[in-house]
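Below is one structure, written out as structure tokens; the observations come after it.
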Amino acid sequence: MQLQVKVTAQVLLCLVFRHTFSAHIPCQEPSDAELESILNPYLASGASLLAQTDEVLPDEELKACPVNVNQTSSRLQDKSTSPWSYRVSEDPNRYPQKIVEAYCLCKGCLVNGQEDKAVNSEPFYLEVPVLQKSNQCKRGQYVYQPNHLQVAQFCFCSFP
Amino acid sequence: MKLAAILMLQAVAVAMAQHCLSPSHCCGQAEVDGAGAQLSYGQPRAPQPGSCNVSTTPGPGLRLPGPCHANPNGPLNARAIAPWDFWEDCDPARFPQRLLQARCRCRHCVSLRKPQSQDLGGNSMPVNVNLTVYYRQPCPGRTGAFYLEPRPYQVVVACVCLLAR
């Protein structure tokens, strides 16, 4: 009986030890530099999608549908019958956490000085390489896996 | 000591991600082809995966525009008011080997009321993006060894309708 208690106590102690010292080692986030070096081979220097160029400034406040097309602008996004702008999409479980994407300013298209809802402004998507955070923990760090994300680049006008 | 071991293991993991991607990480042909197929991304890809044996460029046969009209019940490229067609851009030394390039079907945009005729108030404009593609390069001084070189590659992905001045 005494031996049984002793063995049970030892097993319990062992379990408590394991619980405290192994299962609870917190998993760390890899540094941005490490994540960047994993993602880098997927991006050639000089490669740029429309929403991923340096000149793009995302809106903090979303714009409304303009009254008419801005014909004096030099930018495709203002002169288009389906005008668009850019905003930031954020996901803490992804690298990069912030990605710039296009959004359509109008539901319809701007023709003959007004918004015509017989046609639609539709976003055009391209695949962008990203790293997706997994629940897996390897060598004390979260595992990030390469993935492709569909990101809106511009808008085009189409029949519904 | 433990930290040094962790840092070393991380360096190994990063090196594996860059496998076949530089002259200092050379691979055999089959391995480099596998890595190229894995790395290839970007739209629009050819609908059927596969390889091509002959390079195709936008020659006269590929540039001929189709009739200028939209098909409201058709796929995305035909439903657009600045509709476009595709030609297959093929290069056996590149990953992806087959890419779809868009070509505007019309000089102007199609009329909203009559999708079979043009509205001169708009102009079809091609939209270019620079995708990342990979080229198989021989490793200097090593026969039968290759690496993949990432390079930007301009692809016309679609057309948009701009209001004519």
3J(HN,Hα) from dihedral phi, the stretch A:69-80, Karplus parametrisation 6.51/-1.76/1.60, rounded to Hz, x for glycine, proline: 5, 7, 6, 7, 6, 9, 8, 3, 5, 8, 7, 6
task: Report A:ILE25's accessible area, 1.4 Å probe, all protein chains in place, as a number in Å² to the nearest 10.
output: 110 Å²
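Compute the signed sum of charges (Lys and Arg +1, Asp and Glu -1) over the other residues within less than 12 Å, Cβ to Cβ, of A:GLN145. Intermediate results must be reported in sequence, preceding the final value.
On the way: positive: A:ARG94, A:LYS133, A:LYS138; negative: none.
Spelling it out: positives minus negatives among the neighbours equals +3.
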Built amide H within the under 5 Å cut-off of B:SER111, gap 5+: B:SER117, B:GLN118, B:ASP119
- prompt: Under the Karplus relation 6.51 cos²θ - 1.76 cosθ + 1.60, θ = phi - 60°, what is the ordered set of whole-Hz ³J(HN,Hα) values for the stretch A:90-106, x standing for Gly and Pro?
  reply: 10, 8, x, 9, 9, 10, x, 5, 10, 10, 7, 10, 7, 9, 7, 7, 10
- prompt: In this model, which of A:LYS107/A:LYS133; A:LYS79/A:LYS107; A:LYS63/A:LYS107; A:LYS63/A:LYS117 are farther than 23 Å apart at the alpha-carbon?
  reply: A:LYS107/A:LYS133
task: Report the accessible surface area buried between chains B and A, summing both sides, using a 1.4 Å probe on protein heavy atoms only, in Å² rounded to the nearest 100.
output: 3700 Å²
- prompt: How many times 2.2 N^0.38 Å is the alpha carbon radius of gyration of chain A?
  reply: 1.71
message: Take B:PHE86 and B:ARG165, extend 7 Å from each Cα along the Cα→Cβ direction, and tell me the distance between the two endpoints in nm.
response: 3.5 nm
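The values are calculated or read from the model by the stated rules, or taken from the named source; none is laboratory data. Just so we're clear, the structure is a prediction, and the values are computed from it rather than from any experiment. Positions of Cβ are generated from backbone atoms using ideal geometry, with glycine treated the same way; all protein chains shown enter the neighbour counts. These accessible areas exclude ligands, DNA and RNA; they are computed on the full protein's heavy atoms, side chains included. Shrake-Rupley method; radii C 1.70, N 1.55, O 1.52, S 1.80 Å.
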